[in-house]
Amino acid sequence: MIDIKEDERLSVLNHSCAHLLAQAVKHLYPNAKFWVGPVISEGFYYDIDLGDYTLTDDDLDKISKEMKKLSKDGKRIYREEISREEALERFKDDPYKIDIINELPKDEVISCYTQGDFTDLCRGPHVDSVKECKNFKLLKVSGAYYKGDSKNKVLQRIYGVCFDTKEDLDKHLALLEEAKERDHRKIGKDLDLFMGHELVGPGLQMWLPNGATVRYELEKYIKDKEVKLGYNHVYTPYLASTELYKVSGHWDHYKEDMFPTMKMDNEELVLRPMNCPHHMLIYKHKLHSYRDLPIRIGELAPDFRYEASGAVCGLERVRQMCQNDAHLFVRPDQIKEEVSNVVNLILEVYKDFNITNYAFRLSLRDKNNTEKYFDDDEMWEKAESELRKVLTELGIDFYEAEGEAAFYGPKLDVQIKSAIGHDVTLSTCQLDFLLPERFDLTYIDENGQKARPVVIHRAILGTFDRFMAFLIEETKGAFPLWLSPIQVNIIPVNNEYHLKYAEKVMKKLADKNIRVKLDDRDEKLSYKMRESQSHKIPYTVIIGDKEKDNDNVSYRLFGHKETETLSLKEFEKELLKQIKERR
Ligand code: TSB
Ligand code: ZN
């Protein structure tokens, strides 16, 4: 989907369309007061104070009509530069604009743009005439706090988007519609996968039985793989003393993302935002020889991060998450091989899930941000060049991004795009020379001397939360057989004659741990078949006379029209094979 803000022409056009929107609102609601109307990736919005009135979709239609009319009139848009005094005078009835003027730097040129009877304070630039703004669509209206501060008044925020031609607009709207259908929040609701509740709070999702089943399978999948690769899994507490995070450096560099401290008697505890400090202590608990390394400590570990309430999004960005985490303690001469192994594991997992739309990002520090990043040029340069070398040697395409590193070291992040266009990190592999230093980790080298290990932090599925969000959007909720909450749905044609045999089929499959459901409701066959499809169940089995008499099952695969028949025995064998191979 196009990013309007990234396109110079569309940015100007959308900005002009925001003015057209404001003009139309002013005509229909003369008391409206305006704050700002910026261009965003999705188009534009305008924040408007309409007193106590809340706009409805009908109002958006009316505003849209007025905008069309104004655009047809085709007034020219012209720019004026005015003095501060004049600006204060012209906008004296618009308290929000007066605020903006007062906040402008003293030497800034103040400009405004006029079209017909409407003038707006604006830096510009704009298109020449409102005629150019005719191919627009108002998308939605929502409440937004003035200046984003929840102590302030709620303004009405109207969103829209504008293109040069009707064809471009229609194409874009079709893509938006498709994205809406693919949005994991919608599918999650339709398929009963997860839910949130205002009594629990923003960014805190509850996994319902269907979603929990998928998650359980994902946990088993990745843990099995890791065990085969020599990882050892642990369980560690979700809380720790603030002292732990003072030692690790999180306290100085990551506090903004943590929930506040809990104080009792003379203790101070905090919910952990990461698991590294706990794992460092596990490593330190024993003496290690150079021959023991690499040591790979894994954990499916819940973490807590204070994400802004406006930034949380379904399962994609949450405040309580569960990482598929591991910390690899390696000798300096093992860095290359271990990082390569991690990258190869990421690629293998992506192949298993058929994930093809992703980009490797080498996330570097921002040298000027000394608050976030510890100050040791040599360490940073070494770590960054090690990661760059591995990617280059593996022949992997990547781009570099400054200011995206963790506070303790650079990262190889795998970036994906969500249905609604968020660019987020799924997998990550990070190189860290800092935490071994802070925790004074050692091993005994070949010469019997103490040496410092290096730590590789890595999360292959990232968090189960974000991975689930991504998986839902990729599959549109039609999970592969091994992951499906319900794998087989059995429908007897007629309960009176076929229920007994259907129950036998169900029992046989359930005994083999296949997730099976029997639909014995008194509904029409065609209705039950349709519902089975809409629940995206991989196998819908239909049991009638022929099946009952021959110990067979007839089934229809999700998304297919044909019906196939197999003996019950063969059917069971085929299912077990597919599940085992995680096909
Ligand atoms: C990999 N210490 C490392 C760990 O050892 C770490 O915490 N890295 S992280 O900060 O990048 O987080 C790991 C992964 O968690 C990210 O790659 C991302 O996929 C996922 N993640 C981060 N924040 C959130 C969030 N708010 N909601 C859901 N998933 C998240
Ligand atoms: Zn870590």
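The values are calculated or read from the model by the stated rules, or taken from the named source; none is laboratory data. Everything numeric here is computed off the predicted structure, so don't read it as measured data. Cβ placement follows ideal geometry from the backbone for every residue including glycine, while neighbour counts extend to all protein chains displayed. Calculation scope for accessible area: heavy atoms of the full protein, side chains included, ligands and nucleic acids excluded. Shrake-Rupley method; radii C 1.70, N 1.55, O 1.52, S 1.80 Å.
One line per residue, one yes/no per condition, for (1) under 28 Å from GLY448 (Cα atoms); (2) within 16 Å of ligand 2 (Cβ to nearest atom); (3) assigned to a loop (DSSP other than H, G, I, E, B); (4) open to solvent by less than 10 Å² (accessible area, probe 1.4 Å):
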| position | (1), (2), (3), (4) |
| --- | --- |
| LEU315 | no, no, yes, yes |
| ASP325 | no, yes, no, yes |
| PHE329 | yes, yes, no, yes |
| ASP333 | yes, no, no, no |
| LYS336 | yes, no, no, no |
| VAL342 | no, yes, no, yes |
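Which residue is farthest from ligand 2 (Cβ to nearest atom), if the candidates are limited to segment 386-433 and must be assigned to a strand (DSSP E or B), among the aliphatic types (A, V, I, L, M) and out of contact with any Leu (no Cβ under 8 Å at 6 or more places or on another chain)? Looking at the filtered set, the residue picked out is VAL424. Can you spot a residue in segment 60-68 that is exposed (fewer than 13 other Cβ atoms within 10 Å of the Cβ) and assigned to a helix (DSSP H, G or I)? Yes, the conditions are met somewhere in segment 60-68. A single member of LEU509, LEU557 is within 39 Å of the chain's Cα centre (by Cα) and surrounded by fewer than 17 Cβ atoms within 10 Å (Cβ to Cβ), and it is LEU557.
Looking at PRO485, PRO492, just one residue is over 22 Å from LEU193 (Cα atoms) and open to solvent by less than 40 Å² (accessible area, probe 1.4 Å), and that residue is PRO492. For beta carbons closer than 6 Å, sequence separation of 6+ or different chains, a first residue in segment 100-121 that is over 18 Å from TYR29 (Cα atoms) and a second that is of a type in the set (Ser, Thr, Tyr), the qualifying pairs are CYS112/THR119; THR114/TYR78. Say whether the condition of being surrounded by fewer than 19 Cβ atoms within 10 Å (Cβ to Cβ), of a type in the set (S, T, N, Q) and in a loop (DSSP other than H, G, I, E, B) is met by at least one residue in segment 90-102. No: segment 90-102 contains no residue that is surrounded by fewer than 19 Cβ atoms within 10 Å (Cβ to Cβ), of a type in the set (S, T, N, Q) and in a loop (DSSP other than H, G, I, E, B). Scoring LEU139 on the criteria (1) within 21 Å of ASN31 (Cα to Cα); (2) among the hydrophobic types (A, V, I, L, M, F, W, C); (3) in contact (Cβ under 8 Å) with a residue 40 or more places away in the chain leaves a single failure, condition (1). Screening GLU402 against (1) touching a residue at least 12 places away in the same chain (Cβ under 8 Å); (2) open to solvent by 10 Å² or more (accessible area, probe 1.4 Å); (3) within 16 Å of ligand 1 (Cβ to nearest atom) leaves a single unmet condition, (3).
Search segment 423-437 for residues that are open to solvent by 10 Å² or more (accessible area, probe 1.4 Å) and pair each with any residue that is away from ligand 1 (no atom under 12 Å from the Cβ) and among the β-branched types (Val, Ile, Thr) when their beta-carbon atoms are under 7 Å apart and the residues are at least 6 apart or on different chains. Listed by first residue and then by second, the contacts come to PHE433/VAL454.
Applying the condition of being farther than 18 Å from TYR235 by Cα and open to solvent by less than 60 Å² (accessible area, probe 1.4 Å) to segment 258-289 and asking which residue is nearest to ligand 2 (Cβ to nearest atom) yields MET258.
With respect to LYS140, is the statement that it is modelled with pLDDT of 90 or more and open to solvent by 60 Å² or more (accessible area, probe 1.4 Å) true? Answer is yes for this residue.
Just one of the listed residues (ARG291, ARG296, ARG305) is more than 27 Å from the chain's Cα centre (by Cα) and in contact (Cβ under 8 Å) with a residue 12 or more places away in the chain, namely ARG296. Hey, any hits in segment 368-376 for a residue that's touching a Lys or Arg at 6+ places or on another chain (Cβ under 6 Å), over 14 Å from SER427 (Cα atoms) and buried (at least 16 other Cβ atoms within 10 Å of the Cβ)? Yes.
Being within 14 Å of ligand 1 (Cβ to nearest atom) and open to solvent by less than 70 Å² (accessible area, probe 1.4 Å) holds for only one residue in ILE456, ILE444, ILE420, and it is ILE456.
Let's see how each residue does on (1) open to solvent by less than 50 Å² (accessible area, probe 1.4 Å); (2) assigned to a helix (DSSP H, G or I); (3) within 26 Å of HIS422 (Cβ to Cβ):
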residue	(1), (2), (3)
LEU175	no, yes, yes
ALA179	yes, yes, yes
LYS189	no, yes, yes
GLU198	no, no, yes
PRO202	no, no, yes
